[in-house]
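A short worksheet on the structure shown next.
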Amino acid sequence: MFHEVWVASSFKGSSGEITTMSYIAHHQRNQQTWLETMYTASFRHKVNFTGIAITGWSRYDHMLSLCELLPSSIPSLAYALQTIVYGHIDYERNVTVAKLLLGCDRTPLWEKSIDTNYISCSFPGKNHYL
């Protein structure tokens with residue numbers, strides 16, 4: 001048996017092979033699910049978790065184009081890190097991430113939307129984000 005276990009989550013690239021935008025909710029749920037799984041497994045099965053490696057996929061295979069480029073995935077990374085640190089994202093943390101960390105005038109796009117919702121942000125990569 002292993003003495004220590006690491007898990008790997010993702011903040012970009014794992015939501016579809018031709019996806020261009022990182023939808024925060026998909027990746028935030030991934031962090032949340034890993035935290036819940038780690039909590040349950042550590043008590044039920046006495047697993048000693050050491051940490052989480054947050055990955056950012058760039059493509060599914062070398063024959064496909066790049067997906068979810070890093071500049072447009074910065075908001076997803078910010079929310080993923082906040083979820084890992086605090087265990088969840090509530091309204092207060094949502095506003096903190098959006099306004100203070102990303103410099104956005106409102107909450108970034110959480111889910112894929114038919115409507116185009118333009119927001120103003122100041123994070124690096126903002127020109128590649130809606």
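Let's see how each residue does on (1) surrounded by 15 or more Cβ atoms within 10 Å (Cβ to Cβ); (2) in contact (Cβ under 8 Å) with a residue 24 or more places away in the chain; (3) among the basic types (Lys, Arg):
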| residue | (1), (2), (3) |
| --- | --- |
| 10 | yes, yes, no |
| 34 | yes, yes, no |
| 44 | no, no, yes |
| 54 | yes, yes, no |
| 59 | no, yes, yes |
| 74 | yes, yes, no |
| 83 | yes, yes, no |
| 87 | no, yes, no |
| 93 | yes, no, yes |
- Message: Go through (1) crowded, with 16+ Cβ neighbours inside 10 Å; (2) under 17 Å from the mean Cα position of the chain (by Cα) for residue 49 and report which single condition fails.
- Response: (2)
- Item | Elements of type helices (runs of 4 or more DSSP H) in the range 13-130, at least 1 residues being touching a strand residue (DSSP E or B) at 6+ places or on another chain (Cβ under 7 Å) and not basic (Lys, Arg) | 24-44, 70-86
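Here, each number is a calculation from the coordinates, and none is a lab measurement. A quick note: this is a predicted structure, and the numbers were derived from the prediction, not measured. Every residue, glycine as well, gets a Cβ built from its backbone with ideal geometry; the counts of neighbours run over all protein chains shown.
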